[in-house]
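A short worksheet on the structure shown next.
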Amino acid sequence: MLYQIIALILWSSAFIAAKYTYTMTDPLLMLLCRLLLASLLVLPAVLRFGRSLEKRHWRPLLWLTFLNYVVVLAMQFVGLKYTSATSASTIVGLEPLLMVFIGHFFFRDFARWYHWLCGLAAFAGVALLIAGSGGEGDISLFGCLMVFGGGAVFCTTMRPTQWMIAEIGAPAFTSLSMAVAPLLCLPVSLAFADSLHIDWNLPGVLGLLYLGVCCSWLSYTLWNKGMTSVSANFSGMLTASEPVFGTLLAVLVLGEQVSALSWLGILLVIAATAASVAMPKLLARRHMT
């Protein structure tokens, strides 16, 4: 669980770093550079795991890489271009509820009653965050929908990714997927980026380095390692903490304004996440007694 919490903190800061990177380049070109940086860091591991990977594993690996790294990140960071970091982080908070619904209806991973309750509580907290941000003028419906779409794809691929990691191991999956990610992202960036021009500046470069090293290589390494011992539903519940970290960073670093109603939503999200962690242990103790 600790690995995934650290990964979520890093991911929540990605929206902040991206805002600085957008001062010098297009989101899709930024994504390509970010994935390229991460791929360079895993090259030694790629040489070791690439030779031993069975042929039958390459096709699902490529599909999961394309969905997780290209589709999810492209939708989220293109959406971020049109909306605030606070609202983008808020929309990410819907992922716990998405995870429960997708698992329940499509993967026969039936949710317990407390999953539903905590998921609905997290959704209510996100709704308060959105309601409290109304009228600021920097929140775009299109941007929010793009971020939501990326979250839906992320939740859909969670279980297949977990199965793949169980098959080939977290180190192999992380290194090989990161190595091929920029190759899969290249045609998308070239075809859909508004501009291929880079207006180099120091904040943008530092933001890009942070995205490539911390928010890509390190965060995915920690997240995939945590997936070996944490259920998909519980991983989804942990993502409820991401809008909390993201909102706090947006306020402290970018100076974005958060209303009292939004802070109430943050507290509700924290409470829902804490309850989802504590409830299985409390129920287990009740059964033992």
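The values are calculated or read from the model by the stated rules, or taken from the named source; none is laboratory data. Quick caveat, the model's predicted, so the values are computed rather than measured. Counting neighbours? That spans all protein chains shown, and the Cβs are built from the backbone with ideal geometry, glycine included. Accessible surface is based on the protein model in full, side chains and every heavy atom, while ligands, DNA and RNA are left aside. Shrake-Rupley method; radii C 1.70, N 1.55, O 1.52, S 1.80 Å.
If I filter region 191-199 for residues that are at pLDDT 85 or above, in contact with a Leu (Cβ under 6 Å, 6 or more places away or on another chain), among the small types (G, A, S) and within 22 Å of S276 (Cβ to Cβ), do I get at least one hit? Among the residues of region 191-199, not one is at pLDDT 85 or above, in contact with a Leu (Cβ under 6 Å, 6 or more places away or on another chain), among the small types (G, A, S) and within 22 Å of S276 (Cβ to Cβ), which makes the answer no.
Each row is one residue, and each column tells you yes or no for (1) in contact with a helix residue (DSSP H, G or I) (Cβ under 6 Å, 6 or more places away or on another chain); (2) over 28 Å from L196 (Cβ atoms).
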site: S39; (1), (2): yes, no
site: L43; (1), (2): no, no
site: S52; (1), (2): no, yes
site: R56; (1), (2): no, yes
site: R59; (1), (2): no, yes
site: L64; (1), (2): yes, no
site: Y69; (1), (2): yes, no
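Annotation note: of L64, L53, L73, the sole residue that is in a loop (DSSP other than H, G, I, E, B) and farther than 27 Å from A284 by Cα is L53.
Among the residues of region 52-81, those that are within 19 Å of W11 (Cα to Cα) and not hydrophobic (A, V, I, L, M, F, W, C) comprise T65, N68, Y69, Q76, G79, K81.
Sub-8 Å Cβ pairs linking a first residue in region 88-102 that is at pLDDT 80 or above to a second residue that is of a type in the set (D, E) and in a helix (DSSP H, G or I), at least 6 apart or interchain, are S89/E242; V92/E242, ordered by first then second residue. Being of a type outside the set (G, A, S), open to solvent by 20 Å² or more (accessible area, probe 1.4 Å) and free of Cβ contacts under 8 Å to residues at least 40 places away in the same chain holds for only one residue in L141, L184, L128, and it is L141.
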